[in-house]
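Accompanying notes for the structure given below.
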Amino acid sequence: MDTICIMGAGSWGSALALLLNNNGHKVNLYVRNESQANEMISTNKNSKYLGDIIIPSEINIFTDLDSAIKDASVIVLAVSSQATRAAVISLQNKISPKVILVNVSKGLEKGTNKRISEVVGELLPSNSFVVLSGPSHAEEVAVKMPTTVVAASENIEAAEYIQDVFSSEFFRVYTKPDVIGVELGGALKNIIAFGSGIIDGLGYGDNTKAGIMTRGLAEIARLGVALGADISTFAGLSGIGDLIVTCTSMHSRNRRAGIMIGQGKTLEETLAEIQMVVEGITATEVAYNLALEKNIDMPITAEIYKVLYEGKDIKETIKSLMTRTKKHETEDLIHLKYSEF
């Protein structure tokens, strides 16, 4: 039986605690907020994030990090992307190089424009890193709905170990070495999901949503390949799979936020109503900056950026996208000339 520490008791961290406990592992759930921890201990529920789902008493709730990570062979980073650096810093000089770090957030670090693997590699270079990603709403994993994800690592043995740890009859884990592609697929799809929500908020239909999802995937692949990803990754679970689930479900915070923006609410009003991290908002800024730096054409991302950060009228962004210079749809995919897409 492995001891697994999960840092972060939001919806995803809590759902994974349930999964790992069900798999027979000893689960230590680190909860930074003391009042949340007390509620979980006294009620066996995490009501803010998972409603009335029962948190079994076998899951150990800790507010002290040193106690939570003691004897852990795996530490799951289940905090937001912007909080990951602080979380990893808190582990420095406290864990063995044998401990595997697993990131489950889907975002990019604001300011540095780094992927989470780069942040972890900078701070804890001796530890193996695995990213676990794919179409996986916490609310569904928590009630054992069949789910498929991918574990990616440059250390294939670490990826296979995490595959064994997390796999169950309702949670299937594949492995692959393309950390860059899996991370970018998970982070960048949030931008497109936000845009998909805007489409819904404006009252547009299926044609429009299919268009933004398909052309959004092209943007994700274009930037991904420029940053070193394998293009085939974006046709997999962490690419088109995650894109589909996030663009079409009301479980998606990014889509819900986009709907509110499309309906005319301000960004401040939207975030106040959702009361959870919306990764796509920060990812938009980071991806926009990366696209400029790498000279990659990402028109949907650029228009969403202008709505969020420059106050551009939403309907004007639709017009801008629809009246762009005419292109051949797949020429650059065939020849891998991404600057022409």
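Could I have the simple spin-label model distance between Glu329 and Thr112, label points 7 Å from Cα toward Cβ, reported in nm to one decimal?
Result: 4.0 nm between the two label points.
Starting from 0.36 nm per residue, how many nanometres of slack lie between Tyr309 and Met1 once their C-alpha separation is accounted for?
Contour length minus Cα-Cα distance gives 106.0 nm.
Show me the helices of the chain, taken as full DSSP H stretches, that run 18 Å or more along their long axis by Cα and average 0.5 or above in Kyte-Doolittle hydropathy.
Passing helices, by number: 179-202.
From the protein chains alone at 1.4 Å, what is the descending order of accessible area for Lys94, Lys209, largest first?
Lys94, Lys209
Would you tally the net charge around Thr248, using a Cβ to Cβ cut-off of less than 9 Å, leaving Thr248 out, and scoring K and R as +1, D and E as -1?
+2
Got a sec? Charge dipole of the chain, +1 on Cβ for Lys and Arg, -1 for Asp and Glu; which of Ala226, Asn190, Gly216 is way out at the positive end?
The residue sitting farthest along the positive end of the dipole is Gly216.
What length, rounded to one decimal in nm, is gained on full extension from Leu292 through to Ile54, with 0.36 nm per residue of separation minus their alpha-carbon distance?
81.0 nm
Met322 versus Arg172, label points 7 Å from Cα toward the beta carbon: distance in nm?
Result: 4.0 nm between the two label points.
Hey, in the GNM for the chain with a 10 angstrom Cα cutoff, which one of Ile240, Ile318, Ile61 fluctuates hardest?
Evaluated over the chain, the most mobile residue of the options is Ile318.
Residue separation times 0.36 nm, minus the C-alpha to C-alpha distance between Lys94 and Ser249: what's the value?
Working it through step by step, the gained length comes to 51.9 nm.
Looking at [x] 58, 28, 18; [y] 40, 26, 17; [z] 34, 23, 17, which value of semi-axes √(5λ) of the Cα gyration tensor in Å comes from a calculation on the structure shown?
[z]
Relative contact order (percent) for segment 192-311, with alpha-carbon contacts under 8 angstrom and 6 or more residues of separation?
36
First select every other residue whose beta carbon is under 15 angstrom from the beta carbon of Leu321; then total the charges, Lys and Arg +1, Asp and Glu -1.
It works out to a net charge of +3.
Given a 1.4 Å probe and the protein chains all in place, what does the accessible area of Asp52 round to, in Å² to the nearest 10?
Per-residue accessible area (Asp52): approximately 120 Å².
Let me have the 222 nm mean residue ellipticity of the chain computed from DSSP H runs of 4+ only, each contributing -39500 (n - 2.57), with the sum over all residues rounded to the nearest 500.
-15000 deg cm²/dmol
Enter the accessible area per residue of segment 129-208 (Å², integer; probe 1.4 Å; all protein chains in place).
Here the per-residue accessible area is 37 Å².
The values are calculated or read from the model by the stated rules, or taken from the named source; none is laboratory data. This one's a predicted model, so the numbers in the text were calculated from it and none came from an experiment. Cβ sites come from the backbone with ideal geometry, for glycine too, and all protein chains shown count toward neighbours. The accessibility values were calculated without ligands, DNA or RNA, using every heavy atom of the protein model including side chains. Shrake-Rupley method; radii C 1.70, N 1.55, O 1.52, S 1.80 Å.
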